[in-house]
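One structure below.
The values are calculated or read from the model by the stated rules, or taken from the named source; none is laboratory data. These figures come from a predicted structure and were not determined experimentally. Positions of Cβ are backbone-derived with ideal geometry, glycine not excepted, and every protein chain shown enters the neighbour counts. Please note that ligands, DNA and RNA were not included when accessible areas were found on the heavy atoms of the full protein model with its side chains. Shrake-Rupley method; radii C 1.70, N 1.55, O 1.52, S 1.80 Å.
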Amino acid sequence: MVPTGNVKIIVILLAALLIVGSIESDVKGVNAVPGEVLKFWLTITNDYETKTSVKLSYTAPEGFSGKFFYNGKEVNWIQLDAKESRIIEFWLEVPRDAEEKEYTVWVYALDSTTLRIKVRMPETSIEITPSFSGIRVEAGEKVTIPIELKNKVNTELEVNLSCTVPENWTWRYLDGETEVYRLILKPGETRQLNLEIETDSQADVGEYAVKPKMNNQTTEILVYITKTHKGEKGKVKLKVVGKDGRAVESAQVRAVGAVEETFMTSAEGEAVVELPQGVYSIEVIKNGYFSKEIKDVEVKAGKVKDLGTIVLEKKPYYSELVVANPKLSFTLGTGNPTFRLRMENKGYLDDIFKLKVYGLPENFYYRFKESQESVEGVSEVFVKSGEAKEIYLEVILPYNAEPGSYNLSVKADGNYDMEKTIILVLRGEYVLRLEPVGGRYLVTAEPGKVVELRFLLMNSGRGASVTNLRIDAEVPSGWSVSAEPSQISALMPGDSVMVTVSTVIPSDTLPSEYKVKVKAEGDQTSLQEEFKVVVKEKSNAALIGGAVIVISFLVLLVIYRKFGRR
Amino acid sequence: MSIVAKKEFADQISSKRFLALAGVILLITVYTVYQGVQGFYNAYTAGMERPFVSIFGISSSLGFMTFGAFLGLLMGFDLVTKEKEEGSLKTLLSHPVYRDSVINCKAIGAFAALSIAIFLILTISLGILLLYGIYPSFSDVVDVFKFGVLTLAYTFTFFAISLFASTIARNSGTALIIAFGFLILFMAILPIFGEIVAQSIVGPPPRPPSVPPPSMPVPPPSGGSAPVVKIDEGKMPAENEEAKKLWEEYERQRDEYWKKKRAVSDTFSILSPTTNYLALLSSLGTRPIFETKDTTKNLIGFIALPVIFFILSYIKFLRMDIV
């Protein structure tokens, strides 16, 4: 329909020669904005004496499009009676990407007319009116600012929404509940938008400028931070539950980001994790459950980020082997050491475990028992899902077991294998024994005499020698005591030594029964034995006493005999 | 002279009175020794040090203290009066003997008899101890010897008193009454009198201050279980200081009062042979680790009294008119 190139020019020239009508427009030149639809009213006159069909056309730069309307209908041809004039509407749409310059458009109908379109982008095509121009908020707070946009140009306006905010602040535009970033405004349309600004919790106290930008137009809203949370830690709050809705306690909550921290959930499955500001990846790990990771958790200083409830899914097979006494110190010769194990099936399926112990020295045996007193061993244990079973591991020691530390490994192999290291510390048995020569604990003596208590001191323990033995005795006051030997550097197990404890009974000791406590103290153990010393009067004491009395009476008799007679 | 002394000694030891009293003393001593041995054993097993002479029951009023005094008195009250009553004194003095020899020999004879009695009692007691298996050490034997000497002196004091009574009395009955009068005077009246005199000289004891002593806690109200309120020295320094001074002054006055009173009463009790005997005996048992009481005054009084009475009887006897 629109001729092009040289053909177009020739047609125009021929048409000019054959002008038999006219086309007139009141407006010859207009200013327009890209995308604007311009309307011209053209008066077409038929100068013929006859009825004539007139073709309506135009020539415009690329991108411009025009349409002719008559009586509200688009038309390409019109019929004019002789000497008749009619007004035709010509709509010309300026392309949206039109550059800012003057364009020329020719319109033909019997004659031609020139329309000059000066395309200019207006400086303020949109009227931006924020509800507030200054707001006071606490750092880290969110603030919503209603903004009214009005299309000031006579064309549909596509508006790109953006905003310039200080570092680490975020923004978004909301139309109702919908986040928008681009919108179209009809000519003259007014639209209400909400600009949501989230301030940085670490922002210092002070005034900041937020600049909403619509296309190339901006406005400024001032935000005054009244309180900063700089240096404070943020919190992440979460609750971990299983699929059954039960809280998962002691689940590990590992946050990896600016720092790496691990926390545990409480008995209620809750955890509040304090972290420096930053973006974290939070992983929730719990034995027997599949772990879960939550990425890009933004933690803001002084703010609590609630992650809500995190549901963990149980593994089908998972059990735990708990040793109540993983390090057991045991004295040789006092029976067999027993470890207490607990098998907890935390998976959602039942499991059977085969029990084994590795690392036992030669001649050491073991058995798993279902109770401490039981003498029957078990090799397999069935544990129902969600239940626990107590198992006792008795290590059977050979007679020649050496003192020392033994690292053992307990294995429970089922659908889920478990292994635990346990340590058995065997200590020597320190037993001292005292055996008096002849088995007598009672000695008779006289005042002024030396009593010798002779005994064998034996180490009847197992596997360990008693060192630094000091032998001493506790005697009544005034008695002197000495031991031979008084010190023994080491007494090997099974060895014995003859000891003599000598005590001098003072001559003025009254005849009675006395106790002598013999003590043997070593680094590892000690022994105390009591001997009885019966001190008898000197054998001649009674004789002398009797004699003294008799002599006294004799003297009296002699005196009486000698002087008693007149 | 030795003949008179021998005769007096023979008279003494063969008298039923002497034998009876010596027998009583022996029995009492044996009993006290038996008791003393038990106490000595108990103390020994409890690990306590106890003087060896304690086995003679030195603090007991029986035994030597009372019967010893009686023995001394009864041995001497009729020595002169009896001779006067029987007329034998004249006969004796018609022999070529001096009057002083007579009284000296009487004293020597009695002293010897008393010595024998005490020696025998002590040796028999020692024999009993040996029977129990108690071996006295050398120092123990020395202590027993000292005990014997003191006891001898004690009984001889009463002998001297009764001898004096015998020289001044007309007959034996009067002499015995006089002798017992002296006994009561020295054993009971003098100490009581000393106490009364001391009280009258020194006056009433000082009164304690009306404020409680500073270190003493204020007692809780009766019946209540209120906590004991301790006077905090830091809280009431002025009042506390004042109370302390008052109490110090009171203690000083009290000590002085008792010191004075004891000085006066001691002056009287020095004349009491019983007090002196007991004081000297208790100094025997003490070990040097304790502060020993000064018994010099007691010793002087203890020795002076028999000497004075013997000198008095001596003078009286020499000047006596024998009718």
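Details
- Top-ranked residue of the stretch A:327-354 - restricted to ones that are over 34 Å from the mean Cα position of the chain (by Cα) and closer than 21 Å to A:Ser409 by Cβ, ranked as surrounded by the most Cβ atoms within 10 Å (Cβ to Cβ): A:Pro337
- Matching residues in the stretch A:362-379 - criterion: being loosely packed, with under 13 Cβ neighbours inside 10 Å and out of contact with any Pro (no Cβ under 6 Å at 6 or more places or on another chain): A:Glu362, A:Ser371, A:Gln372, A:Glu373, A:Val375, A:Glu376, A:Ser379
- Meets criteria (open to solvent by less than 90 Å² (accessible area, probe 1.4 Å), within 7 Å of chain B (Cβ to nearest Cβ), in a helix (DSSP H, G or I) and within 28 Å of A:Ser507 (Cβ to Cβ)) for A:Ile559: no
- Of all residues in the stretch A:139-170, those being of a type in the set (Asp, Glu) and modelled with pLDDT of 90 or more number 1.
- Strands (runs of 3 or more DSSP E) enclosed by the stretch A:412-521 - at least 1 residues per element that are among the acidic types (Asp, Glu) and within 14 Å of chain B (Cβ to nearest Cβ): A:466-474, A:512-521
- In the stretch B:94-109, of all residues being small (Gly, Ala, Ser) and either assigned to a loop (DSSP other than H, G, I, E, B) or more than 13 Å from chain A (Cβ to nearest Cβ) (or both), the one that is surrounded by the fewest Cβ atoms within 10 Å (Cβ to Cβ) corresponds to B:Ser94.
- Exactly one residue out of A:Ser22, A:Ser112, A:Ser53 is surrounded by fewer than 13 Cβ atoms within 10 Å (Cβ to Cβ) and in a strand (DSSP E or B), and it is A:Ser53.
- Boolean, A:Lys538 is basic (Lys, Arg), within 14 Å of chain B (Cβ to nearest Cβ), open to solvent by 50 Å² or more (accessible area, probe 1.4 Å) and in a loop (DSSP other than H, G, I, E, B): yes
- Residue within the stretch B:41-49 that is crowded, with 19+ Cβ neighbours inside 10 Å and either at pLDDT 75 or above or not basic (Lys, Arg) (or both) present: no
- Qualifying positions in the stretch A:74-89 - of a type outside the set (S, T, N, Q) and either touching a strand residue (DSSP E or B) at 6+ places or on another chain (Cβ under 6 Å) or modelled with pLDDT of 90 or more (or both): A:Glu74, A:Val75, A:Trp77, A:Ile78, A:Leu80, A:Glu84, A:Arg86, A:Ile87, A:Ile88, A:Glu89
- Look at (1) open to solvent by less than 40 Å² (accessible area, probe 1.4 Å); (2) modelled with pLDDT of 90 or more and you find that A:Lys300 fails only one, number (2).
- Residue in the stretch A:345-364 that is hydroxyl-bearing (Ser, Thr, Tyr), in contact (Cβ under 8 Å) with a residue 40 or more places away in the chain and in contact with a Leu (Cβ under 6 Å, 6 or more places away or on another chain) present: no
- Residue in the stretch B:82-89 that is hydrophobic (A, V, I, L, M, F, W, C) and either more than 21 Å from B:Thr174 (Cβ to Cβ) or assigned to a loop (DSSP other than H, G, I, E, B) (or both) present: no
- Restricting the stretch A:150-176 to residues that are among the aliphatic types (A, V, I, L, M) and surrounded by 15 or more Cβ atoms within 10 Å (Cβ to Cβ), the residue that is farthest from A:Gly278 (Cα to Cα): A:Val153
- If you go through the stretch A:71-87 and keep only what is loosely packed, with under 11 Cβ neighbours inside 10 Å and small (Gly, Ala, Ser), you end up with just A:Gly72.
- Strands (runs of 3 or more DSSP E) wholly inside the stretch A:212-281 that include at least 3 residues being within 30 Å of A:Val159 (Cα to Cα) and not assigned by TED's automatic domain parsing to the domain that holds A:Lys295: A:221-227
- Considering (1) assigned by TED's automatic domain parsing to the domain that holds A:Glu484; (2) open to solvent by 80 Å² or more (accessible area, probe 1.4 Å), the lone condition that A:Lys519 does not fulfil carries the number (2).
- Flag for A:Tyr441 being hydroxyl-bearing (Ser, Thr, Tyr) and surrounded by fewer than 19 Cβ atoms within 10 Å (Cβ to Cβ): yes
- Being open to solvent by 50 Å² or more (accessible area, probe 1.4 Å) and of a type in the set (Val, Ile, Thr) is not true of A:Val357.
- Any hit, the stretch A:105-123, residues being under 30 Å from A:Tyr224 (Cα atoms) and either under 56 Å from the mean Cα position of the chain (by Cα) or modelled with pLDDT of 90 or more (or both): yes
- Elements of type strands (runs of 3 or more DSSP E) contained in the stretch A:115-201, each with 1 or more residues being under 16 Å from A:Glu220 (Cβ atoms): A:126-130, A:134-138, A:142-151, A:157-164, A:170-175, A:190-198
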